[in-house]
Structure formats: structure tokens, C-alpha cells
Amino acid sequence: MAYRKRYGGNYKKYFEKYKENKTLSLKELEQIQLERLKTFVANSKQNSDFYRTKFSDIGTITSLKDVKKLPILKKEDLRKNINTIYTINKEKANISKTGGTTGKSLTVRFTKDNTQERFAMLDVFRSSFGYKLGKKTAWFSGKSILTQNDIKKNRFWKTDYYYKVRYYSTFHINKKSIPFYITNLIKFKPKFLVGFPSNMYEIAKFGINNNIDFPSNTIKAIFPTAETITPDSKKAIEQFFKTKMYNQYASSEGAPFIFECKQGKLHFELQSGIFEVLDENDNETNEGRLIVTPFATEGTPLIRYDIGDNIELLDGTCTCGNNNPLVKTILGRSDDFIYSKETGKINLGNISNTLKDTEGIVKFQVVQNILDEITILLIVDNKDYTEKTEKIFLKNWRDRVGYKLQIKLKYVNTIPVEKSGKYRMVKNNIKHLLND
Ligand SMILES: [Zn+2]
């Protein structure tokens, strides 16, 4: 693992700074934001060919509102122009590859300093729940870590004994292997769980359905990464592992952070960037597209980047002492939806709710390749899954998509994950057919 890259250099300095800054007033936070924005825009103009041209008519930034003068950067623009957006060369950079819906991946370059700053911020968040590098942690990551021999021996993990991290493979979780995962987790006694929530969810569901009693007071907190969390998965994970899960929003492109606090509220971290929520006409709104300007992306500057996620804001303040503004929900990828001519777009939250009142559905993935049809891949547990369950599940779908869309159910043993290791509940391949 790239510990030196993450925890070397200025990591400590940033960690101390952001720990101290946890209770800044909103005014102080905005002041920091403005200073960072000014230098970020000026440096991007100076060091990136793309922004030099694009911002040639734009004067200096004097207030946070000035960000509105800058053009919005779409994902496609980033992809097309990435070589002129970079401000540093490959050799100097920490590389991050991001997956895309179309399968085309994007390579983002981070400066070493920015990487350290980002990890420090993330660790300040985790440290408020007792986490520290070196405390026993079970990690579900998208890295391929096992040998054929490991698999043959039902050993689905690798341990870093120095930092006390055990990496569990996320590519081998199935009904047959889950008992080995659970037995090993109980034996390892991690204090923290980090990683893909979809994998923790599968393990938790298996544990609950098989009446396995995970020892209480083992895990202090769970930190999901990378995927959208559905209420069902949160509930099952917390129930089985007998602890709380604290969400965070980030992305491999370097999006600014949103962190959940002890009160269970989501806060923007204004020190990590500028957040805007806009409607289709780019006007400010309460629920809509998230546009981000993350300060720690100096190697591949993202300025007013349309990251493809939707969020909903929440008014008011929090009692936890953190004065960063609140987010009601992270609605997830704006292209994670199914389209029905009858009822329109059905978003991820509504899609995951099709599991309501069903039993025995281990996992599903809905794929839409044409406008008139969807295919749902289903992994079921035959002990609990009956014809009645199928009826309920289909009824839940009909309530959302209407009766004209054709629904094909396909019972499978595995659902392939993305190259990044992430599981996607929705694969929408019809976005280009819609006109909005
Ligand atoms: Zn709070």
C-alpha cells in the first residue's frame, strides 16, 4: 500500500490543522474558502493550458459569488481535454483512475501535497470516532489481492501486520465464501470496518438470515466508501455488526468532502472546496446537480465540475459543534436511474425500495439497454425466496415503472462488479436516447 504517499510529507501538519479547525464559525470557513479559491483559480490559469484559454476573459476572484462567472466543466469536457488540463507530469503525480458508466476510465493526477491533505482531512473525520492508522481495521477494497492458492484454501484476505489492516477481497463474496469471511472477522476482531458498503451489506444479510451473532462491542464504527448507501443496507449493516455507520462523500476525481457527524447529520467540508447545487438551467436550488470546485485537485484542476451526482440540502444548523452547512441526502449518481415512458425517471433510492417486503433477494442489478425493456439480474436465497416474493418484487417494480415497460427477470449466481471493484445496482445504457 502507498502509505508513504499518503501519510508522508505534510500529512501530519494538515491533520493537526484540520483537527483544530473543527469548530470554526461559518464566517471563518468561508474566509478560508475564498482565499483558497483565489489561489486555486489563479494557479490553474497559470499552470494549465486548458484553463488559461478558458479563463482568458475572467478577471480576478474577489468574492465567493465570483465562482458563478466561471464556466461549468462537464465530465465529457474533462475527458476530452484532460491532457491540457493537467498541470503536472505523470512522474511527479499520484495517479487515480476513475471508472465511468461508459466503461471509459479517466486518469487524474494529484500532487503529493494534495494527496496528503486529502487523507489528513479524511482521517480527521474518522478520528472523531476513535479511528487511527494502526488500530485494527478490516478493509473491503476494490483491489485484487488473492492468489489461486488463497482461494483454494478459503483464505479471502491479506493482512498488513505493521498497520494492522486486513484487506478482504471484494471479488469473492458469495454464499459459499461468506461463512469464511464472517468466521475470520470474528477472529480478527477489527475495531473499524472500511470499504464498499455493498459487500458489508451482503455479509450482514447473510449473518442476519443465518442467525449468526456477531460479538457486540467489537467494531467501534463503520466507514463506507465509494458507493451510494441505501437505507436498507445501512440498517442491515448496523444491525449485524452492532455499531453505527458514518457516511462520507468523496470521489476518485478528488471531489470535496461531505462528512457525517456524531448526530448523524451530513456536513459539507467547506475547507475542501466549493459546493453548488443547481437545477437543469444552472440556477441555485435545494435539490439538484452537485457542482464542485475541490481545492486539492491542483494536479488536474476541477473548477465548477459537474460530477454527476445529485444531492439535497438541509436548512438549519447542527448541535455537534461543526458549523459547516448541512446536506439532507446524497442522492447518488444522476445517471443511476431507469427510464419508463409511462412514469419517467426512477432514481436509485426508488429502485432500491423495490426490495420492500421481499425476502431472500441477496442482490440485484437492473440493466436497461433499450427504452422499452429492463432486465433484472437476481441472486436469491432459495430458502426464503418464493413465488410470492417474486410477485411482491414485480409489483414493487410495476408501482414505479408502470405496466408498459417490459421486465425480464434473470436468476443468476453472480453479478459481475465494475473494473474498479464497485458493484452497481443500476446500469443505464440508454441515457443518450433521452433528450434532457
Ligand atoms: Zn453535526
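The values are calculated or read from the model by the stated rules, or taken from the named source; none is laboratory data. Every value quoted in this text rests on a predicted model; they were computed, and no experiment measured them. Backbone-built Cβ (ideal geometry, glycine too); neighbour counts: all protein chains shown.
So the values come out like this:
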| read-out | value |
| --- | --- |
| Test for residue 189: is it under 21 Å from residue 246 (Cα atoms) and either more than 19 Å from the chain's Cα centre (by Cα) or among the basic types (Lys, Arg) (or both) | yes |
| Flag for residue 427 being closer than 30 Å to residue 145 by Cβ and of a type in the set (Lys, Arg) | yes |
| Single condition residue 69 does not satisfy, out of (1) over 26 Å from the mean Cα position of the chain (by Cα); (2) modelled with pLDDT under 95; (3) surrounded by 15 or more Cβ atoms within 10 Å (Cβ to Cβ) | (3) |
| Residue match in the stretch 377-386 (condition: surrounded by fewer than 19 Cβ atoms within 10 Å (Cβ to Cβ) and among the β-branched types (Val, Ile, Thr)) | yes |
| Among residues of the stretch 344-361, those that are within 21 Å of the chain's Cα centre (by Cα) and at pLDDT 80 or above, counted | 2 |
| Any pair with Cβ under 6 angstrom, 6 or more apart, that starts in the stretch 311-331 at a residue that is farther than 9 Å from residue 261 by Cβ and of a type in the set (A, V, I, L, M) and ends at one that is within 14 Å of the ligand (Cβ to nearest atom) and assigned to a loop (DSSP other than H, G, I, E, B) | 326/265 |
| Residues satisfying the stated conditions in the stretch 392-436, i.e. more than 17 Å from residue 336 (Cα to Cα), at pLDDT 90 or above and in a helix (DSSP H, G or I) | 392, 393, 394, 395, 396, 398 |
| Pairs with Cβ under 6 Å, 6+ apart, first in the stretch 14-30 and in the same structural domain as residue 119 (by TED's automatic domain parsing), second exposed (fewer than 15 other Cβ atoms within 10 Å of the Cβ) and at pLDDT below 95 | 23/321 |
| Selection within the stretch 254-294 - out of contact with any helix residue (DSSP H, G or I) (no Cβ under 8 Å at 6 or more places or on another chain), in a loop (DSSP other than H, G, I, E, B), within 16 Å of the ligand (Cβ to nearest atom) and touching a residue at least 40 places away in the same chain (Cβ under 8 Å) | 261, 262, 263, 265 |
| Entirely in the stretch 4-59, the helices (runs of 4 or more DSSP H) that have 2 or more residues that are of a type in the set (Phe, Trp, Tyr) | 11-20, 49-54 |
| Of the criteria (1) outside the structural domain of residue 291 (by TED's automatic domain parsing); (2) closer than 24 Å to residue 266 by Cβ; (3) touching a residue at least 12 places away in the same chain (Cβ under 8 Å); (4) in contact with a helix residue (DSSP H, G or I) (Cβ under 9 Å, 6 or more places away or on another chain), which one residue 132 fails | (3) |
